[in-house]
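What follows is a single structure, written as structure tokens, with notes after it.
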């Protein structure tokens, strides 16, 4: 597939998902009842179906969750002029946020009911400058290891032509969610 065909496919998938997300509760926090009894994968699948709120940061920074699987998660983002740094490339914080989202949600897919996680360490390697000329990028995350106390994951930020812009790893602390 050419990069033009890939971007068309990505945009069509994104439009369908955004339509579902906006038809649902929109951005916000899930209630305890919406989370109760669900695995992390079940929760993220419900989010993709527009049944539970999605994270407001995604709307703020122009990215969308587009795929979840057992141990994996993909976010797609639009690098825009409002994300530029003073040097004329997309700010590293935008790239890091997109990668962190894919990493964290990949770990989230491995959580059984009643278990949670938080990022303990995030390491990002920027390998190519990104500008708004690239219409969309995807942060593709996957779990490397998920144990009772620690989880690790890796992610890559790629363009529709396969260009690698950054890659990252994370270590997350895994814990029992306290009952309210």
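The values are calculated or read from the model by the stated rules, or taken from the named source; none is laboratory data. Source: prediction; values computed, not measured. Note that we place each Cβ from the backbone using ideal geometry, even for glycine, and neighbour counts take in every protein chain shown.
Closer than 21 Å to residue 69 by Cβ and surrounded by fewer than 18 Cβ atoms within 10 Å (Cβ to Cβ) - does that describe any residue in region 89-98?
No, region 89-98 contains no residue that is closer than 21 Å to residue 69 by Cβ and surrounded by fewer than 18 Cβ atoms within 10 Å (Cβ to Cβ).
Return a yes/no flag: does region 86-94 have any residue that is under 16 Å from residue 138 (Cα atoms) and within 13 Å of the chain's Cα centre (by Cα).
Within region 86-94 (the criterion being under 16 Å from residue 138 (Cα atoms) and within 13 Å of the chain's Cα centre (by Cα)), the answer is yes, since at least one residue qualifies.
Being buried (at least 17 other Cβ atoms within 10 Å of the Cβ) and touching a strand residue (DSSP E or B) at 6+ places or on another chain (Cβ under 6 Å) narrows it down to one residue among 134, 74; which is it?
Checking each option against the conditions leaves just 74.
For region 1-97, list the helices (runs of 4 or more DSSP H) that sit wholly inside it and hold at least 1 residues that are at pLDDT 95 or above and either touching a helix residue (DSSP H, G or I) at 6+ places or on another chain (Cβ under 8 Å) or within 29 Å of residue 175 (Cα to Cα) (or both); which are they?
Qualifying helices (runs of 4 or more DSSP H): 3-23, 40-48, 56-60.
Test of understanding: among 164, 173, which residue is under 29 Å from residue 84 (Cβ atoms), surrounded by fewer than 18 Cβ atoms within 10 Å (Cβ to Cβ) and at pLDDT 95 or above?
Only one candidate passes the filter, namely 164.
crowded, with 18+ Cβ neighbours inside 10 Å, farther than 14 Å from residue 92 by Cα and touching a strand residue (DSSP E or B) at 6+ places or on another chain (Cβ under 9 Å): does that describe residue 148? Steps first, please.
Details: crowded, with 18+ Cβ neighbours inside 10 Å: no; farther than 14 Å from residue 92 by Cα: yes; touching a strand residue (DSSP E or B) at 6+ places or on another chain (Cβ under 9 Å): yes.
Here the answer is no, as residue 148 does not meet what is asked.
What are the residue pairs meeting all of these: first residue in region 13-32, first residue loosely packed, with under 11 Cβ neighbours inside 10 Å, second residue outside any helix (DSSP H, G or I) and at pLDDT below 95, Cβ atoms under 9 Å, and 6 or more apart or on different chains?
32/180
Of the numbered conditions (1) surrounded by fewer than 23 Cβ atoms within 10 Å (Cβ to Cβ); (2) not in a strand (DSSP E or B), residue 120 satisfies every one except a single condition; which is it?
(2)
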